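Visitor: My questions all concern the structure below.
The values are calculated or read from the model by the stated rules, or taken from the named source; none is laboratory data. Small disclaimer: the values here were computed from a predicted structure and weren't measured. All Cβ positions, glycine included, derive from the backbone under ideal geometry; neighbour counts span all protein chains shown. Ligands, DNA and RNA are excluded from the accessible area calculation, which covers all protein heavy atoms including side chains. Shrake-Rupley method; radii C 1.70, N 1.55, O 1.52, S 1.80 Å.
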Amino acid sequence: MEFSFKHALAASAVAALSAAGPVSAKDLTYAIGFPTGSTPVMTLEKVVTYAQETHGLNIKLYPLSLLDLRQTPQGIADHIVDMGWATYQYQPAEFANSNLAAAMNMMATANTPADVASYAMAGAVTEYISLHCPECTAEFAGQNQVYFGGHSTGVYLTQCTKPVVTKADFAGIKVRTAAPSWARWAENVGATSVTISANEAYDALSQGVVDCVFFAPTELVNFQLTDVVTDMTTGVPGGVFPGVGDINTNLDTWRGMTVEERAALIDTASHLVAEGTYAYVQASEDAMGVAREKGIGIHEAAPDLLEASAAFVEGDQATIVEEFVDKYGLDDAGEKAKVIGDLITKWKELTADVESGEALQAIYWDEIYSKLDPETYALQ
């Protein structure tokens, strides 16, 4: 059934876009599985204006109307759209090298202010995939797309339909997790991990499929979870979600662009990753205010839970390496993890004093995007 639906969707989408006329390199379509009014879409709307006014790139947005979060990577590969918000952490096998970097996200939040953790992880993952991991760019090319970096969410906390504050409170409950590290965290404290799309979180909470979700505070608003979440616990599980290609582009579209248009897209990507990460940090603070207004209980994690979490994060780095060696065949995962860890440390220092999206974009440009050659990047 899923196969038939996906291909029916693809056929109807292609027909609709074709009816509008041929798509040139300067007229681009973009799908994102978030609704209008959400933090990512509002950021994209600003960046679309920037791309048009600065470079003459016309990007047509399709927020949660053409493809959802799980469908978007395949939609880019099949050229249903020219580009989109590709959550590659939903595809651990296809993007094993790239997901190794994203999987180490809890290192970013260790003894680090929440905003710096987000800025640093976005920079570290984007730099690693774009500049230090040819196997990563090859993975995206193998899926007929080009990676141009990705934002990081705010730091993850626990959002539930009841108070969950101590380690004992987690015993036996069901938790929606977004990636294997959070699944292991949940199981480590006695919970059962359930893997579902973010688009399904509302229904899962309202129908009792899960008791809690691990999300950045922003998703409380982005997915209207204020109607179903009654309690939130800060400090756990920690980590951020950096496993997204913010403006992944169909490889044929990229190849068909002029060098000038490619340069314009690289610059646009630097703005999107910076503005997206900065917006998530600011929106996380705003979302906590919304939670208080809605009467949602906000709890600090109990000491025993924080202690268990810290011990898990320290020990899980070796588990991550073992998983990527045994499950995905990355025999050099240990060496790659060392490079990623060094990048996370470097980016914590680089972003420690960031106070604006413009300042963050300048750092991303200097350290990453200025080094992407529009004549050769992802064209080998």
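Visitor: Pairs only if they're at least six apart or on different chains, beta carbon under 7 angstrom, first in the stretch 197-211 and within 23 Å of Ile32 (Cα to Cα), second open to solvent by 70 Å² or more (accessible area, probe 1.4 Å); list them, first residue then second.
Guide: Partner pairs satisfying both residue conditions: Ser197/Arg70; Tyr202/Gln224.
Visitor: Name the residue that is nearest to Val189 (Cα to Cα), counting only residues in the stretch 316-328 that are β-branched (Val, Ile, Thr) and open to solvent by 40 Å² or more (accessible area, probe 1.4 Å).
Guide: Here is the first cut: in the stretch 316-328, the residues β-branched (Val, Ile, Thr) are 319-321, 325.
With open to solvent by 40 Å² or more (accessible area, probe 1.4 Å) added as a condition, the list becomes 319, 325.
Numbers: Thr319: 16, Val325: 25 Å.
Residue satisfying both the conditions and the ranking: Thr319.
Visitor: I want to confirm something. Restricting to the stretch 206-226 and keeping residues that are among the hydrophobic types (A, V, I, L, M, F, W, C) and open to solvent by less than 10 Å² (accessible area, probe 1.4 Å), which single residue is nearest to Val164 (Cα to Cα)? Show your work before the answer.
Guide: Let us first name the residues in the stretch 206-226 that are among the hydrophobic types (A, V, I, L, M, F, W, C), namely 209-210, 212-216, 220-221, 223, 225.
From the residues that got through so far, the ones that are open to solvent by less than 10 Å² (accessible area, probe 1.4 Å) too are 210, 212-216, 220, 225.
Values: Val210: 13, Cys212: 9, Val213: 11, Phe214: 12, Phe215: 15, Ala216: 16, Leu220: 17, Leu225: 17 Å.
Here the residue is Cys212.
Visitor: May I pose another question? Is it fair to say Glu135 is within 23 Å of Glu323 (Cα to Cα), touching a Ser or Thr at 6+ places or on another chain (Cβ under 7 Å) and of a type outside the set (A, V, I, L, M, F, W, C)? First the steps, then the outcome.
Guide: Values: within 23 Å of Glu323 (Cα to Cα): yes; touching a Ser or Thr at 6+ places or on another chain (Cβ under 7 Å): no; of a type outside the set (A, V, I, L, M, F, W, C): yes.
No.
Visitor: Could you say whether any residue in the stretch 291-301 is assigned to a loop (DSSP other than H, G, I, E, B), touching a strand residue (DSSP E or B) at 6+ places or on another chain (Cβ under 8 Å), farther than 27 Å from Asn144 by Cα and open to solvent by less than 50 Å² (accessible area, probe 1.4 Å)?
Guide: First pass over the stretch 291-301, keeping only residues assigned to a loop (DSSP other than H, G, I, E, B): 294-296, 301.
Cutting the leftovers down to touching a strand residue (DSSP E or B) at 6+ places or on another chain (Cβ under 8 Å) gives us 296, 301.
Within this subset, residues satisfying the condition of being farther than 27 Å from Asn144 by Cα are 296, 301.
From what is left, the residues that are open to solvent by less than 50 Å² (accessible area, probe 1.4 Å) are 296, 301.
So far as the stretch 291-301 goes, yes, one or more of its residues are assigned to a loop (DSSP other than H, G, I, E, B), touching a strand residue (DSSP E or B) at 6+ places or on another chain (Cβ under 8 Å), farther than 27 Å from Asn144 by Cα and open to solvent by less than 50 Å² (accessible area, probe 1.4 Å).
Visitor: Let me spell it out: the conditions are (1) out of contact with any Leu (no Cβ under 9 Å at 6 or more places or on another chain); (2) more than 23 Å from Leu305 (Cα to Cα); (3) in a loop (DSSP other than H, G, I, E, B), and Val155 meets all of them except one. Which number is the exception?
Guide: It is condition (2) that Val155 fails.
Visitor: Restricting to the stretch 227-254, count the residues that are out of contact with any strand residue (DSSP E or B) (no Cβ under 9 Å at 6 or more places or on another chain) and surrounded by fewer than 18 Cβ atoms within 10 Å (Cβ to Cβ).
Guide: Final tally of qualifying residues: 2.
Visitor: Are there any pairs, at least 6 apart or on different chains, whose C-beta atoms fall under 6 Å, with the first in the stretch 235-251 and under 13 Å from Gly123 (Cα atoms) and small (Gly, Ala, Ser) and the second open to solvent by 10 Å² or more (accessible area, probe 1.4 Å) and not in a strand (DSSP E or B), and if so, which?
Guide: Matching pairs, first to second residue: Gly243/Gln89.
Visitor: Please go through the stretch 115-166 and give me each residue that is hydrophobic (A, V, I, L, M, F, W, C) and in contact with an Asp or Glu (Cβ under 6 Å, 6 or more places away or on another chain), ordered by number. Before you say what the answer is, go through the steps one by one.
Guide: Quick first cut of the stretch 115-166, residues hydrophobic (A, V, I, L, M, F, W, C) only: 116-117, 120-122, 124-125, 129, 131, 133, 136, 138, 140-141, 146, 148, 155, 157, 160, 164-165.
Within the stretch 115-166, Cys160 is the sole residue that qualifies.
Visitor: Now for a different question. May I ask you to verify whether Ala279 is touching a residue at least 60 places away in the same chain (Cβ under 8 Å) and touching a Phe, Trp or Tyr at 6+ places or on another chain (Cβ under 7 Å)? If you could, list the steps in order and put the result at the bottom.
Guide: On the way: touching a residue at least 60 places away in the same chain (Cβ under 8 Å): yes; touching a Phe, Trp or Tyr at 6+ places or on another chain (Cβ under 7 Å): no.
So Ala279 fails the test.
Visitor: Further question on the same structure: For the subset of the stretch 110-155 comprising residues that are hydroxyl-bearing (Ser, Thr, Tyr) and modelled with pLDDT of 95 or more, which member is nearest to Phe95 (Cα to Cα)?
Guide: Residues of the stretch 110-155 that are hydroxyl-bearing (Ser, Thr, Tyr), as a first pass: 112, 118-119, 126, 128, 130, 137, 147, 152-153.
Then drop every residue that is not modelled with pLDDT of 95 or more, which leaves 118-119, 126, 128, 130, 137, 147, 152.
On the way: Ser118: 22, Tyr119: 22, Thr126: 14, Tyr128: 14, Ser130: 14, Thr137: 9, Tyr147: 11, Ser152: 18 Å.
For the stretch 110-155, the residue satisfying everything is Thr137.
Visitor: Now a separate question. Mind telling me which of the residues Ala178, Ala141 ends up being under 20 Å from the mean Cα position of the chain (by Cα), under 24 Å from Asn248 (Cβ atoms), of a type outside the set (Ser, Thr, Tyr) and surrounded by fewer than 23 Cβ atoms within 10 Å (Cβ to Cβ)?
Guide: On the way: Ala178 fails: surrounded by fewer than 23 Cβ atoms within 10 Å (Cβ to Cβ).
One residue alone meets the criteria, Ala141.
Visitor: Further question: Taking Asp331, is it open to solvent by 70 Å² or more (accessible area, probe 1.4 Å), in contact with a helix residue (DSSP H, G or I) (Cβ under 9 Å, 6 or more places away or on another chain) and either outside any helix (DSSP H, G or I) or at positive phi (or both)?
Guide: Details: open to solvent by 70 Å² or more (accessible area, probe 1.4 Å): yes; in contact with a helix residue (DSSP H, G or I) (Cβ under 9 Å, 6 or more places away or on another chain): yes; either outside any helix (DSSP H, G or I) or at positive phi (or both): yes.
So Asp331 fits the description; yes.
Visitor: If you don't mind, there's one more thing I want to ask. Within the stretch 331-342, does at least one residue satisfy the condition of being closer than 16 Å to Ala122 by Cβ and in contact with an Asp or Glu (Cβ under 9 Å, 6 or more places away or on another chain)?
Guide: no
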